[in-house]
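For reference, the structure discussed in these notes is given below.
Bear in mind these aren't lab numbers, they're just calculated from the coordinates by the rules spelled out. Because the structure is a prediction, the values reported are computed rather than measured. Note that we place each Cβ from the backbone using ideal geometry, even for glycine, and neighbour counts take in every protein chain shown.
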Amino acid sequence: MTYDTAHLASDYIYYLKAVQKELRHEAHALRVARELDIRVRIGFSNRCTPEHPDGPLMVVQPWHYGNTDVVRHEEAHILLWWSGLEDEIIAEFGEELGWRVVENLCQFAVGFLRITQPMVDQAVDRYGVSARAVKHLKKVSGADTQTALRRLVYDDPRSCRAGFLLSGRYVAEVAQCNWSLPFSWLEAVDKPARRFPPDANVSFLKLTPSQTLGVCWG
Ligand SMILES: [Zn+2]
């Protein structure tokens with residue numbers, strides 16, 4: 001085994017970004033499939049066959065056909081297979097745990113396929129690496145808060161960023177890229193701003209009366 005799986009998520013992100021650049025950052029799921037010569041068919045369950053002799057094939061349930069995250073998820077499977085990383089994952093983690101890792105990575109990739117690089121760059125130009133930038137990404141992509149938060153935090157695997165979502169006093173979501181938050185998932189936190197050092201560049205935004213989004217970097 002020569003591949004170091006510590007680089008798995010970042011290698012996959014770089015691969016996704018390279019493919020998206022080739023596709024001129026196309027955001028529509030079906031147009032991405034067409035450009036990649038992936039056939040999309042309707043069927044009883046959602047699945048894909050990257051190694052099909054006639055070229056990669058994806059099957060989705062009729063109600064998921066279209067510009068949907070289910071199509072993006074299956075595209076992510078095909079991209080992971082093409083990247084060669086799927087083989088590395090199964091070799092390292094075995095069939096059972098390996099497939100869970102594959103599923104998690106493909107779900108993670110949906111955010112990258114839905115929220116393109118120009119969307120992220122424009123959000124950061126306008127609002128910096130901040131909670132407002134996450135809100136902007138939600139608006140332009142239609143993605144949910146968690147997806148938009150992860151997309152911003154993990155945009156560059158070499159950067160130091162983190163984000164979190166508070167539901168009342170509780171930490172409902174965390175995303176950390178080379179940056180350790182001063183609290184953990186599900187912890188109750190009062191006055192979260194006081195937990196950050198002055199150089200954390202932390203920003204907060206109230207999304208609803210009970211939901212607060214936070215982003216920091218440094
Ligand atoms: Zn899957």
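Ratio of the stretch 104-199's C-alpha Rg to 2.2 N^0.38 Å, to two decimals?
Compared with the compact-globule rule of thumb, the stretch 104-199 sits at 1.07.
Between 141, 45, 203, the residue with the greatest mean-square fluctuation in the GNM of the chain (Cα pairs under 10 Å linked by springs) is 45.
Loop-located chymotrypsin sites (Phe, Trp or Tyr not before Pro) in the stretch 1-104 (DSSP state not H, G, I, E or B) with no more than 14 neighbouring Cβ atoms inside 10 Å: 44. In this simple spin-label approximation, residue 23 and residue 207 carry label points 7 Å from Cα along the Cα→Cβ vector, and these lie 2.5 nm apart.
Using only the Cα atoms of the stretch 5-114, each taken as one equal point scatterer with no solvent, compute I(q) by the Debye sum, divide by I(0), and report log10 of the ratio at q = 0.09, 0.10, 0.14 Å⁻¹. Evaluating at q = 0.09, 0.10, 0.14 Å⁻¹ gives log10 I(q)/I(0) of -0.21, -0.26, -0.52. Is the stretch 20-74 rounded, prolate or oblate when judged by the Cα gyration tensor, a ≥ b ≥ c being the square roots of its eigenvalues, rounded requiring a/c under 1.5 and prolate requiring a/b larger than b/c? Because a/c hits 1.5 or more and a/b fails to exceed b/c, the stretch 20-74 counts as oblate.
Using just the helices of the chain, give the 222 nm mean residue ellipticity in deg cm²/dmol: DSSP H runs with n ≥ 4 each add -39,500 (n - 2.57), and the total is spread over all residues, rounded to 500.
Calculated mean residue ellipticity at 222 nm is -14500 deg cm²/dmol.
Placing unit charges on the Cβ atoms of the charged side chains and taking the dipole of the chain about its Cα centre, the candidate lying farthest along the positive direction among 107, 197, 2 is 197. Comparing mean-square fluctuations of 17, 139, 191 from a GNM of the chain with C-alpha springs under 10 Å, the top value falls on 191. If you wrap the Cα atoms of the chain in a convex hull and average its projected area over all directions, you get 13.4 nm². With contacts taken as Cα pairs under 8 Å at a separation of at least 6 residues, the stretch 127-217 carries a relative contact order of 30 percent.
Relative to the longest principal axis of the Cα atoms of the chain, the long axis of helix 117-127 lies at roughly 10 degrees.
Note on residue 104 and residue 184: with the Förster distance fixed at 25 Å, the Cβ-Cβ geometry gives a FRET efficiency of about 0.85. Along the stretch 141-151 the Karplus relation, 6.51 cos²θ - 1.76 cosθ + 1.60 evaluated at θ = phi - 60°, assigns HN-Hα couplings of 10, x, 6, 7, 4, 4, 5, 5, 4, 4, 4 Hz to successive residues, with x for each Gly and Pro.
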